[in-house]
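Engineer: Supplied in structure tokens, the structure appears directly below.
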Amino acid sequence: MASEHKLTISTDAHGHTAGWAEAELDAALAVDVDKSAAAFFDIDNTMLQGASIYWVARGLAARRYFTTTDLARFAWQQARYRLLAAEHAGDVSSAKKVALAFIEGWRVDDIERLTEEIFDELMAPRIWSGTRALAQLHLDSGERVWLVSAAPVEIGRVIAQRLGLTGAIGTVAEVVDGAYTGRLVGDLMHGPAKADAIQQLANVEGLDLRRCSAYSDSINDLPMLSAVGNAVAVNPDAALRRAAREQGWDLRDFRTGRKAAKVAVPSTLAAGLLAGAITTVLAARRRRRAG
């Protein structure tokens with residue numbers, strides 16, 4: 001259930017509220033909290049440039065938790081997952097085995113601690129300021145804001161905390177004795193699963209989805225976007241751009257022209273190819289030195 005927040009007011013020795021505190025209180029009370037409305041934001045390429053799980057893997061590789069070969073293998077697995085997800089239009093059961101392979105055996109508290117460090121180092125500079133501003137508008141109007149992502153929920157939760165958002169909905173990985181098993185609990189938080197999740201949250205929190213908003217870059221999130229009263233396509237792929245125009249949804253593109261859609265922030269597929277190329281170059285160098 002939603003947590004309740006108490007407002008603490010400072011007073012002077014006579015019990016009078018200081019002038020600045022009165023102004024602060026007036027401003028706080030001026031916000032008409034709409035408990036029936038909320039906003040849901042996808043993470044990858046909507047709130048964050050690139051894939052959150054890729055940046056976590058890259059940060060771990062920089063800390064020597066992975067070898068370059070491990071990173072290449074992970075990136076290829078993620079690319080394969082995305083391709084299967086697109087081809088099967090939301091039926092991603094065949095991709096489950098590779099979705100969370102890189103965290104098998106890791107302790108949950110270690111992943112959360114390292115994700116906090118990696119967010120500050122790699123992800124914070126890549127948050128789309130325009131999308132962050134949209135989220136802040138909802139917060140300022142008294143609405144709650146959740147991230148909704150296929151990434152492990154622990155990663156989404158760290159990003160939400162760092163951005164001052166309400167919380168996160170994500171893929172739940174099985175944990176035994178504080179460590180990930182590499183298996184999932186339920187389905188990936190992808191496609192129709194996102195729509196189901198926000199409906200369940202709405203039931204628990206008393207939300208009216210007709211008064212809610214959702215933001216995404218991908219046609220895969222069409223079910224979530226269609227489930228709310230205010231859908232917004234952010235940095236949309238071509239298919240979502242067409243769907244948004246057909247539905248009359250708002251469009252927000254924070255990329256600067258066509259070049260921005262292709263630049264250095266790796267998509268999962270590009271990351272796999274890049275990592276594979278690095279591995280090949282390093283292997284060739286080792287062979288030359290050995291010869």
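Where a number appears in this text, it was derived from the coordinates with a stated rule and is not lab data. Quantities reported herein were computed from a predicted structural model and do not represent experimental measurements. Positions of Cβ are generated from backbone atoms using ideal geometry, with glycine treated the same way; all protein chains shown enter the neighbour counts.
Engineer: Where does each of Phe119, Phe254, Phe40 land when they are ranked from fewest to most other beta-carbon atoms within 10 angstrom?
Structural biologist: So the residues, fewest neighbours to most, are Phe254, Phe119, Phe40.
Engineer: Going by Cα centres, the range 107-151 and the range 214-235 are how many Å apart?
Structural biologist: Using only Cα atoms to place each centre, the spacing works out to 18 Å.
Engineer: Note down the nm distance, to one decimal, between modelled labels 7 Å out along Cα→Cβ at Ser36 and at Asp196.
Structural biologist: 2.8 nm
Engineer: Just rank Thr131, Thr69, fewest to most, by other beta-carbon atoms within 10 angstrom.
Structural biologist: Thr69, Thr131
Engineer: Send over the semi-axes of the range 157-250's equivalent ellipsoid, whole angstrom and largest first, taken as the square roots of 5 times the C-alpha gyration tensor eigenvalues.
Structural biologist: Listed largest to smallest, the semi-axes of the range 157-250 are 27, 16, 13 Å.
Engineer: Considering amide H positions built from the backbone, and no H for Pro or chain starts, which residues 5 or more places from Trp128, or on another chain, come under 5 Å of its amide H?
Structural biologist: Answer set, sorted by chain and number: Leu48, Gln49.
Engineer: Quick check: residue separation of Arg211 and Val172 times 0.36 nm, minus the Cα distance between them. What number comes out in nm?
Structural biologist: Result: 11.3 nm gained on full extension.
Engineer: Among Trp55, Trp249, what is the fewest-to-most ranking by other Cβ atoms within 10 Å?
Structural biologist: Final ranking by Cβ density, sparse to dense: Trp249, Trp55.
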